[in-house]
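Here is the structure we will look at, set down as structure tokens.
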Amino acid sequence: MKIASVVGVRPQFVKASVVSRELRKSNKECLIHTGQHYDYEMNKIFFEELGIPEPDYYLGVGSGSHGQQTGEMLRKLEEVLMVEKPDLVLTYGDTNSTLAGALAASKLGIKNAHIESGLRSFDKSMPEEINRILTDHCSDILFCPTQNAVNNLEEEGITKNVYLTGDVMVDSLLLNKEIAEAKSSLLNDLNLKTRDYIVVTIHRASNTDNFENLQNIIEALRELNENIIFPIHPRTEKLLKNYDLYDSLPSSITLVKPLGFLDFIKLMNHAKMILTDSGGVQKEAYILKVPCVTLRENTEWIETIKDGWNVLVGSNKERIIKTVNGFMPSVQEHCNRFGDGSASNRIAAAINAL
């Protein structure tokens, strides 16, 4: 079977690393990189660390408005798919690359499968939510990470070719956590001690594109009596400078460039707490059993909230400070809601059975 896998951002590289390993045992895979993340730290280092084969196609789309970016991806993906003529197009997650891949396949009459189907934040102001819904409704095969995701699809009338596989991020974390512990020197490089620092990631447009929200978050970080490690997204750095917030960052915040996967796993795994507006980082924190405070008003990973390991605080300064100073998970263990590390095997088996 010939499979075209579409990736474009760092979380998709991580997921593809474990899925591609299984797919290539029995199939031919064509890897298409849209170029949605395009600088070295956000891109090439992940391929090198995770042993992902070099992309067969690099579309080089880069940044732009949602419409411009998705439209350019759709045009270029269609050209590639018409040449390659795959039996199946495989997409991951909820990005513009995901939607463009699913649309291109659908319009060419090529079967397509979506990994991480069924996730819903129920907030259509989020571009990712629109991408999830549209991708699921034009996909032929839907791989769900959790039972809640299966239930969401059923509520929308999607019940055919829906598979509960578990989450491929569990596969990747289990595979790479020990490697990260052995290979990453980041904690020594930054002179960090286990559970003696907080990790912060901010990249979502609802925070970065809104001066008031970003200012509130930075002011909350400034007032926290914590050692903060902030791997800063290039776009976030640019906007902090545009808003005149960058130079006033306190000495308690250590800015670092975007990290490779192994360094970031180790940084998260030893953290006291994680503050983030990322969907994937919420889930990774849960899997690693690190308390998470989410700088959003909603989440697609509702399981992390239900199990008491994640709290939503939005961009409210007082809520952020109060939660960071007082939050502890309600239980010290949590349910294995995201699977046992065999999601990639289940996905490959389902595809091979087509």
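The values are calculated or read from the model by the stated rules, or taken from the named source; none is laboratory data. Since this is a predicted model, take the numbers as computed values, not measurements. We place every Cβ from the backbone using ideal geometry, glycine too, and count neighbours over all the protein chains shown. Note: accessible area is taken over every heavy atom of the protein model, side chains too, but ligands, DNA and RNA are not part of it. Shrake-Rupley method; radii C 1.70, N 1.55, O 1.52, S 1.80 Å.
Of the residues in segment 146-180, how many are assigned to a loop (DSSP other than H, G, I, E, B) and crowded, with 16+ Cβ neighbours inside 10 Å? Steps first, please.
Kept after step one, since they are assigned to a loop (DSSP other than H, G, I, E, B), are these residues of segment 146-180: 146, 156-161, 165-167.
Applying the additional criterion that residues be crowded, with 16+ Cβ neighbours inside 10 Å yields 146, 158, 165-167.
Selection size over segment 146-180: 5.
Report whether or not LEU221 is more than 28 Å from GLY93 (Cβ to Cβ), buried (at least 17 other Cβ atoms within 10 Å of the Cβ) and either of a type in the set (A, V, I, L, M, F, W, C) or free of Cβ contacts under 8 Å to residues at least 60 places away in the same chain (or both). Explain how you work it out, then say what you get.
On the way: more than 28 Å from GLY93 (Cβ to Cβ): no; buried (at least 17 other Cβ atoms within 10 Å of the Cβ): yes; either of a type in the set (A, V, I, L, M, F, W, C) or free of Cβ contacts under 8 Å to residues at least 60 places away in the same chain (or both): yes.
Criteria not met by LEU221.
Going by the structure shown, is GLY71 over 26 Å from VAL168 (Cα atoms), open to solvent by less than 50 Å² (accessible area, probe 1.4 Å) and part of a helix (DSSP H, G or I)? Working first, answer last.
Details: over 26 Å from VAL168 (Cα atoms): yes; open to solvent by less than 50 Å² (accessible area, probe 1.4 Å): yes; part of a helix (DSSP H, G or I): yes.
It is true that GLY71 is over 26 Å from VAL168 (Cα atoms), open to solvent by less than 50 Å² (accessible area, probe 1.4 Å) and part of a helix (DSSP H, G or I).
Output the number of the condition that ASN269 fails; it satisfies all remaining conditions of (1) touching a Cys at 6+ places or on another chain (Cβ under 7 Å); (2) modelled with pLDDT of 95 or more.
If we test ASN269 against (1) touching a Cys at 6+ places or on another chain (Cβ under 7 Å); (2) modelled with pLDDT of 95 or more, just (1) comes out false.
Of all residues in segment 237-260, count the ones that are open to solvent by less than 10 Å² (accessible area, probe 1.4 Å) and either assigned to a helix (DSSP H, G or I) or free of Cβ contacts under 8 Å to residues at least 12 places away in the same chain (or both).
Looking only at segment 237-260, we keep the residues that are open to solvent by less than 10 Å² (accessible area, probe 1.4 Å), and these are 240, 260.
From the residues that got through so far, the ones that are either assigned to a helix (DSSP H, G or I) or free of Cβ contacts under 8 Å to residues at least 12 places away in the same chain (or both) too are 240.
Count: 1.
Any idea which of (1) crowded, with 18+ Cβ neighbours inside 10 Å; (2) more than 20 Å from the chain's Cα centre (by Cα) is the one PHE143 doesn't satisfy?
PHE143 satisfies all of (1) crowded, with 18+ Cβ neighbours inside 10 Å; (2) more than 20 Å from the chain's Cα centre (by Cα) except (2).
So which residues in segment 84-137 are of a type outside the set (Gly, Ala, Ser), surrounded by fewer than 23 Cβ atoms within 10 Å (Cβ to Cβ) and in a helix (DSSP H, G or I)?
The answer is GLU84, LEU103, LYS107, PRO127, GLU128, GLU129, ILE130, ASN131, ILE133, LEU134, HIS137.
Return the pairs, sorted by first residue and then second, in which the second residue is modelled with pLDDT of 75 or more, the first residue lies in segment 29-52 and is of a type in the set (Gly, Ala, Ser), the beta carbons are less than 7 Å apart, and the residues are 6+ apart or on different chains.
Once the first residue is of a type in the set (Gly, Ala, Ser) and sits in segment 29-52, its partners that are modelled with pLDDT of 75 or more give GLY35/GLY8; GLY35/TYR58; GLY35/LEU59; GLY35/GLY60; GLY35/VAL61; GLY35/GLY62; GLY51/SER17.
Let me confirm something: among SER315, SER251, which residue is hydroxyl-bearing (Ser, Thr, Tyr) and modelled with pLDDT under 95?
Values: SER315 fails: modelled with pLDDT under 95.
Just a single option satisfies the conditions, and that option is SER251.
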